[in-house]
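Asks: Below are the structure tokens for one structure; questions will follow.
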Amino acid sequence: MEEEYLEEQGQKLLKRLEREGILPSPYNFVNFKAPKLDNYIVHDSTLREGEQTPGVIFSLENKLEIAKKLDEVGIQQIEAGFPAASEKQRNCIKSILNMNLDAQLSAFARAKKEDIDAVADVGADGIVVSLSISPYHRKHKFGGMTQETYLERLEEMVSYAESYGLFVIYSAEDTTRENDLEFLKKAYKTAEDAGADRARVVDTLGCTGPNGMAFLVKEIGSVVDIPIEVHCHNDLGLALANSLAAIDAGASTVSTSVNGIGERAGITVTEELIPALHIIYGTSPFEMSQLNSLSKLVEELSGVKMPPHKPITGENVTVHSSGIHQHGVLINPQTYEFYPPRLVGQKRRVYIDELSGRHGIMYVAEKELKIGISEDTAKKVLEKIKAAYSSGARRSSYTPDEVKEMIAETEKR
């Protein structure tokens, strides 16, 4: 029997996705156990990490627009900025707070009293207390800070932040390069005992893989009772994979940014994580139809152009250009689409070029131009198109209007 290797929970999720027009690999759900979906939180850091992208400077108006859109998507937590950095940062966070969004707003702070005071002063709901933990940072950034001094500083600063009544996230910068596992676990336990509400595991340099991230989350989860968040950089192109591995290992929160913008190669992509959570784990609290417009908004306001092949929201993701694919989607889109483009706010398109077939011509005519044509007409139009590419006269795709004109010319003869 098909899918007999799936247990009941996996079969239920697969059938639910099928009702939504989503047809992923059934092997995703082998040994599937329904997670505590209410615990999954996307902690979007576009307004903090994203602004660390070289050349990106958001205005107050930009930040308000992005925050509003994140809230429309249903993002549960927004890391709104670094208030100790400047007056502009503080004013932006205060203005976002005045919007009365559903999302909880957090702000970033180094493990310094003045930074923590700044977060409390702007009225944020939560605080990310960052204290670098790796031996490289303790030696070079902190002048040879010992493990004992680190733990004392950590306890003091987390306790200080907690005294303000803030939701405290302990962020151990460069977690994945701290090679003393027992010290690492002791640090997270110290933060929990001092009042931290969440433990953030940080792959600052994007230098770990899914196996390493899962191992760390499990080990840290064995000594703390507070939820675990991961902040994964994308230097090896593994940020999303590492984030999903962390969820499998017990993490409940993922730090993200729209379009993945951030330091160097950026971090886990907001609009890519959300469909993955929905399709692989069955989470449903987000308005996924808003993801494409969210991505385009940040692309416009940041000035960082996204590649056309970018997953989920790229220009080419829901485009079919080869004749084989065009034939398939004309018969049934499920042949070459495992989810309907509208799910994420996209639209199916067919490009007519050198590799297209007559079914592509017919698709454009019927679905986009709303005109019926014969196979013979489609063949003749295609012959003209192939000839144009063969002669070198054409090097770009034909637009629907151009195809319409060619159809009209062909049918006159």
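The values are calculated or read from the model by the stated rules, or taken from the named source; none is laboratory data. Remember, predicted model here, so these are calculated numbers, not experimental data. Backbone-built Cβ (ideal geometry, glycine too); neighbour counts: all protein chains shown.
Asks: Any residue at all in region 390-397 that is touching a Lys or Arg at 6+ places or on another chain (Cβ under 6 Å) and of a type outside the set (Phe, Trp, Tyr)?
Replies: Within region 390-397 (the criterion being touching a Lys or Arg at 6+ places or on another chain (Cβ under 6 Å) and of a type outside the set (Phe, Trp, Tyr)), the answer is no, since none of the residues qualifies.
Asks: Also: Tell me, yes or no, whether region 368-378 has at least one residue that is under 30 Å from GLN290 (Cα atoms) and either of a type in the set (Ser, Thr, Tyr) or not in a loop (DSSP other than H, G, I, E, B) (or both).
Replies: Yes.
Asks: Still on this structure, I have one more. Could you tell me how many of the residues in region 301-360 are among the acidic types (Asp, Glu) and in a helix (DSSP H, G or I)?
Replies: So the answer is 0.
Asks: Related question: In this structure, does ALA239 turn out to be surrounded by 21 or more Cβ atoms within 10 Å (Cβ to Cβ) and touching a helix residue (DSSP H, G or I) at 6+ places or on another chain (Cβ under 8 Å)?
Replies: yes
Asks: With the requirement that a residue be more than 19 Å from GLN326 (Cβ to Cβ) and more than 43 Å from the chain's Cα centre (by Cα), what does region 392-413 give you?
Replies: ALA408, GLU409, GLU411, LYS412, ARG413
Asks: With respect to VAL42, determine if the residue is assigned to a strand (DSSP E or B) and either under 21 Å from VAL298 (Cβ atoms) or over 19 Å from the mean Cα position of the chain (by Cα) (or both).
Replies: Taking the combined requirement at face value, the residue satisfies it.
Asks: Taking the options ASN259, ASN292, name whichever one is in a helix (DSSP H, G or I), under 30 Å from GLY357 (Cβ atoms) and modelled with pLDDT of 95 or more.
Replies: Testing whether each residue is in a helix (DSSP H, G or I), under 30 Å from GLY357 (Cβ atoms) and modelled with pLDDT of 95 or more leaves just ASN292.
Asks: Could you pull out the residue among ARG358, ARG349 that is of a type outside the set (A, V, I, L, M, F, W, C) and touching a strand residue (DSSP E or B) at 6+ places or on another chain (Cβ under 7 Å)?
Replies: When all the criteria are applied, what remains is ARG349.
Asks: Right, something else. Could we say that ASP71 is part of a helix (DSSP H, G or I), acidic (Asp, Glu) and within 23 Å of SER295 (Cβ to Cβ) here?
Replies: Yes, satisfied.
Asks: Is it fair to say ASP121 is at pLDDT 95 or above, of a type in the set (D, E, K, R), farther than 18 Å from GLY195 by Cβ and not in a loop (DSSP other than H, G, I, E, B)?
Replies: Answer is yes for this residue.
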